[in-house]
1. Six or more apart or on different chains, Cβ atoms under 6 Å: show the pairs whose first residue is in segment 24-36 and modelled with pLDDT under 75 and whose second is among the aromatic types (F, W, Y).
2. How many residues are closer than 25 Å to Q57 by Cβ and assigned to a helix (DSSP H, G or I) if we restrict to segment 23-46?
3. Would you mind finding the one in E69, E17, E61 that is at pLDDT below 70 and either out of contact with any Lys or Arg (no Cβ under 8 Å at 6 or more places or on another chain) or open to solvent by less than 60 Å² (accessible area, probe 1.4 Å) (or both)?
Amino acid sequence: MKGQHITEKTDQLLSREPQDNLRRYEQLVSTSSELASFIDTSFTHRAVNDIYLDYFQTAREDLVGRTVEE
């Protein structure tokens with residue numbers, strides 16, 4: 001059920017303008033109580049939540065805007 005809810009929210013987010021999409025993804029990721037990140041089609045981190053940062057013991061500025069490979 002939880003996955004279905006996220007899918008519905010994602011579909012709603014995709015119907016908006018790109019910049020609005022990013023802000024909404026950031027909100028969705030930040031409010032999740034589980035490890036969450038948003039990685040775009042160029043494999044660049046666009047948003048991560050605090051739980052993700054704690055798990056990987058890193059700072060947001062060390063991930064957001066960087067590719068997965070970096």
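1. Cβ pairs passing all conditions: Y25/F38; V29/F38.
2. 7
3. E17
The values are calculated or read from the model by the stated rules, or taken from the named source; none is laboratory data. It should be emphasised that the depicted structure is a prediction, and the values quoted were computed from it without experimental measurement. Here Cβ is always computed from backbone atoms with ideal geometry, including for glycine, and neighbour counts include all displayed protein chains. Remember, those area values only see protein heavy atoms, side chains included, never the ligands or the DNA or RNA. Shrake-Rupley method; radii C 1.70, N 1.55, O 1.52, S 1.80 Å.
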